[in-house]
Amino acid sequence: MVKLIERATCARETFAHLLEAVRAGFEQTAAMHRQYLTLAFIVVGALAACHSGGDVAPDGKAPAPAVTAEPPAAEVTPPVPAAPPPSAPAAEPPVAPAPAAPAAESAAAGAPDACKARRAAIETALNDAAHCAKDADCTTMLPGCPFGCYRPVNAGVSLTKINADIEAYNGTCDRCMYKCIAPKGEPHCSSGRCVIGDG
């Protein structure tokens, strides 16, 4: 019995030593596997760095690529517009003929025949302005030489044109002067015409 116990104890101790050896072998194998994996990672990293063409930095990071400064853009000068062609000179407006000289017109109007015709026209206008129907229609105007000191005319007739013609006549034809005296009587209507005094 004692021998059996001794044998069992020896077998147990031997089995324990065997387990310890196996465990130690496994631990060494696991450590070797970890070393192999680490080495494999280092090799793969080195190959990747070589393939990309860059050097691996000491800390395992690839260096930042160098930045190349771009040359400044060339300044573009805008084209200068061509000067417009010289335009043809503007045509000069036609020159209107010079009006006749006032002196020449005055000389023509003051000719003896012209003055005679103008005086006759004024006398006709004065005679036409002397019509009446009653004494109240008549009044007196003062045309002056050579048309009389006093001329009886109808009060309702406009004397604007007759006075203008007399003034133009005196400005171009020979002027004359009267020494007039007061008229004898008041203008009145006689036989359809305005008269002064006995008429």
Given (1) outside any helix (DSSP H, G or I); (2) over 17 Å from Cys115 (Cα atoms), Ala136 misses just (1)
Against the condition at pLDDT 85 or above, surrounded by fewer than 14 Cβ atoms within 10 Å (Cβ to Cβ), on the phi < 0 side of the Ramachandran plot and among the polar types (S, T, N, Q), how does Asn127 come out, does it pass? yes
Enumeration of residues in segment 150-184 that are touching a Lys or Arg at 6+ places or on another chain (Cβ under 9 Å) and not β-branched (Val, Ile, Thr): Pro152, Asp165, Ala168, Tyr169, Cys173
Those residues of segment 143-199 that are touching a residue at least 40 places away in the same chain (Cβ under 8 Å), closer than 23 Å to Cys115 by Cα and assigned to a loop (DSSP other than H, G, I, E, B) come to a total of 3
As an exercise: evaluate Ala136 against (1) touching a Ser or Thr at 6+ places or on another chain (Cβ under 8 Å); (2) at pLDDT 95 or above; (3) loosely packed, with under 15 Cβ neighbours inside 10 Å and give the number of the one condition it does not meet. (1)
Please count how many residues of segment 119-166 are under 18 Å from Met177 (Cα atoms) and of a type outside the set (Gly, Ala, Ser). 15
Go through segment 150-199 and report how many residues are hydroxyl-bearing (Ser, Thr, Tyr) and in contact with a helix residue (DSSP H, G or I) (Cβ under 7 Å, 6 or more places away or on another chain). 2
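The values are calculated or read from the model by the stated rules, or taken from the named source; none is laboratory data. Quick caveat: nothing in here was measured; it's all calculated off a predicted structure. Reconstructed Cβ throughout: ideal geometry from the backbone, glycine too, with neighbour counts over all protein chains shown.
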